[in-house]
Amino acid sequence: MQERKAVLLTYPETFIRDEFVDLALAAEYHPSSVKTSKNLVYSKYGVGEGKALEIKELVKELDASVILIDETLRSSQEYNLAKLAGVQVKDREKLILEIFNRRASSAEAKLQVKLAELSYEMSRAKEKVKLAKSGEQPGFFGLGKYEVDRYQRDIRRRVSTVNRKLEEARKRRELYRASRKRFEFPMVSLSGYTGAGKTSLFNRLTQESKTTGEGVFTTLSTCTRALLLNSKKVLLSDTVGFISRLPAYMIEAFKSTLEELTYSDLVLLVLDASLVTDELSIKLESCEKTLADLSVSPSQVLYVLNKSDLTTAEEVTEKVALLQLHPNRMVRVSAKTGEGIEELKSVVLKNLEVSPIVLK
Ligand SMILES: Nc1nc2c(ncn2[C@@H]2O[C@H](COP(=O)(O)OP(=O)(O)OP(=O)(O)O)[C@@H](O)[C@H]2O)c(=O)[nH]1
Ligand SMILES: [Mg+2]
């Protein structure tokens with residue numbers, strides 16, 4: 001485990017800090033120390049100079065091999081901090097890519113991760129190669145021998161190969177979707193922040209036993225099953241969870257699996273109702289933003305307030321009011337105990353029947 005010892009740098013808010021620890025764990029790092037700072041966007045190191053020196057000492061003391069920072073760093077910031085501390089520095093995006101890389105199991109998911117990795121490298125290629133030439137640091141090894149042009153060309157070539165393969169996968173999906181449409185089965189998708197309980201609900205509704213988990217990004221590919229609602233057949237999909245501060249190119253890379261949401265008649269936006277309102281509000285906002293990026297209209301969305309076993313009905317009502325969710329567009333459920341599931345089924349059915357024009 002020695003080589004996975006990490007010093008973490010994140011923001012002080014408890015849930016942001018906890019989420020970053022979860023991200024580090026999911027990438028199989030050992031968080032040896034967690035430091036916080038209100039500002040991680042200083043120009044030289046990301047953190048301020050004093051904090052950077054503190055981190056350098058910590059790395060030495062703990063014999064850590066990597067610094068993980070909860071922000072998107074420019075290559076120069078990564079380089080400066082790596083040079084100061086003598087170990088690799090990885091930013092939030094890199095960490096998320098590492099998790100995806102470890103967990104992606106389907107061929108399509110692997111290609112999507114590859115595409116996201118290449119986009120990440122492309123945006124940094126120029127500065128990285130230049131920096132590597134001025135003296136190699138951990139994380140920049142081997143790059144110094146490249147010319148900027150050749151490195152960029154190399155990445156571009158790999159991007160087009162991956163894109164070609166992804167296009168084939170997308171076409172297969174499209175055909176599959178068209179065949180489902182032909183039978184006119186309505187499509188319903190579960191979406192929401194990672195850990196909200198989408199897969200737990202999927203399992204509850206379809207009697208499946210897909211993996212659920214406490215960490216982040218348990219599910220990395222879409223899974224669809226048929227479901228009978230009052231003898232009406234619908235197709236239910238479980239999808240990849242969202243996370244805040246996810247860059248556009250990552251959503252773009254995952255678009256072919258997330259497109260399931262674009263084509264759904266109804267999207268069930270699953271929320272963890274047991275969270276404090278501030279956290280819930282930030283997570284809701286990042287989900288709504290991502291859904292809008294995927295061209296999902298608000299009229300297609302039903303809010304599913306999950307984990308009702310961990311909170312009271314009054315509390316949920318209060319949160320719903322604070323979040324200004326339309327009471328007619330929400331259902332309170334527990335995937336764990338089954339509470340509210342029958343109501344959820346009938347609300348889904350009603351929405352599919354009542355407004356077929358709005359819902360396509
Ligand atoms: N108490 C309680 N826990 C729940 C409920 N639903 C899900 N959980 C727990 O919440 C955690 C996350 O559940 P998942 O179903 O894996 O969440 P997900 O939304 O699919 O997460 P990703 O696949 O990472 O996007 C697991 O530990 C579940 O056991 C619920 O209704 N009540
Ligand atoms: Mg899941």
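Within the range 185-221, the set of residues being near ligand 1 (Cβ under 8 Å from one of its atoms), farther than 10 Å from residue 268 by Cβ and assigned to a strand (DSSP E or B) comprises 193 only.
Comparison of 77, 88 shows that the only residue that is touching a strand residue (DSSP E or B) at 6+ places or on another chain (Cβ under 7 Å), open to solvent by less than 20 Å² (accessible area, probe 1.4 Å) and polar (S, T, N, Q) is 77.
Scanning the range 284-322 for residues that are of a type in the set (Phe, Trp, Tyr) and at pLDDT below 95 returns no hits.
To keep it simple, each residue is scored yes or no on (1) in contact with a Ser or Thr (Cβ under 8 Å, 6 or more places away or on another chain); (2) at pLDDT below 95.
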site: 57; (1), (2): no, no
site: 63; (1), (2): no, no
site: 92; (1), (2): yes, no
site: 105; (1), (2): yes, yes
site: 108; (1), (2): yes, yes
site: 118; (1), (2): no, no
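Residues in the range 184-211 that are within 12 Å of ligand 2 (Cβ to nearest atom) and surrounded by fewer than 19 Cβ atoms within 10 Å (Cβ to Cβ) were compared, and the one that is farthest from residue 24 (Cα to Cα) is 208. Screening 291, 344 for residues that are open to solvent by less than 10 Å² (accessible area, probe 1.4 Å), in the same structural domain as residue 208 (by TED's automatic domain parsing), under 21 Å from residue 233 (Cβ atoms) and part of a helix (DSSP H, G or I) leaves exactly one candidate, 344.
Please work out if residue 181 is open to solvent by 50 Å² or more (accessible area, probe 1.4 Å), within 14 Å of ligand 2 (Cβ to nearest atom) and not in a strand (DSSP E or B). Criteria not met by residue 181. Inside the range 212-236, residues that are surrounded by 18 or more Cβ atoms within 10 Å (Cβ to Cβ), under 17 Å from the mean Cα position of the chain (by Cα) and either among the small types (Gly, Ala, Ser) or more than 16 Å from ligand 2 (Cβ to nearest atom) (or both) make up a count of 1. Here residue 3 fulfils each of the conditions (1) in a strand (DSSP E or B); (2) modelled with pLDDT under 95 apart from (1).
For the range 222-245, which residues satisfy the criterion of being within 10 Å of ligand 1 (Cβ to nearest atom), under 16 Å from residue 267 (Cα atoms) and part of a loop (DSSP other than H, G, I, E, B)? Within the range 222-245, 239, 240, 241 qualify. Tell me, yes or no, whether the range 142-154 has at least one residue that is of a type in the set (Gly, Ala, Ser), part of a helix (DSSP H, G or I), farther than 30 Å from residue 281 by Cβ and in the same structural domain as residue 119 (by TED's automatic domain parsing). Yes, the range 142-154 contains at least one residue that is of a type in the set (Gly, Ala, Ser), part of a helix (DSSP H, G or I), farther than 30 Å from residue 281 by Cβ and in the same structural domain as residue 119 (by TED's automatic domain parsing).
If the condition is being of a type outside the set (S, T, N, Q) and either within 16 Å of ligand 2 (Cβ to nearest atom) or over 26 Å from residue 181 (Cβ atoms) (or both), then the range 237-255 contributes 238, 240, 241, 242, 243, 245, 246, 247, 248, 249, 250, 254. Each residue in the range 93-107 was checked for being open to solvent by less than 30 Å² (accessible area, probe 1.4 Å), assigned to a helix (DSSP H, G or I) and out of contact with any strand residue (DSSP E or B) (no Cβ under 7 Å at 6 or more places or on another chain), and 5 of them qualify.
Against the condition part of a helix (DSSP H, G or I) and within 25 Å of residue 217 (Cβ to Cβ), how does residue 64 come out, does it pass? No; evaluated as a whole, the condition is false for this residue.
Just a yes or no: is a residue in the range 256-272 within 14 Å of ligand 1 (Cβ to nearest atom), touching a helix residue (DSSP H, G or I) at 6+ places or on another chain (Cβ under 7 Å) and assigned to a loop (DSSP other than H, G, I, E, B)? The answer is no; no qualifying residue exists.
The values are calculated or read from the model by the stated rules, or taken from the named source; none is laboratory data. Not measured: the values here are computed from a predicted model. Backbone-built Cβ (ideal geometry, glycine too); neighbour counts: all protein chains shown. With ligands, DNA and RNA removed, areas are computed over all heavy atoms of the protein, side chains included. Shrake-Rupley method; radii C 1.70, N 1.55, O 1.52, S 1.80 Å.
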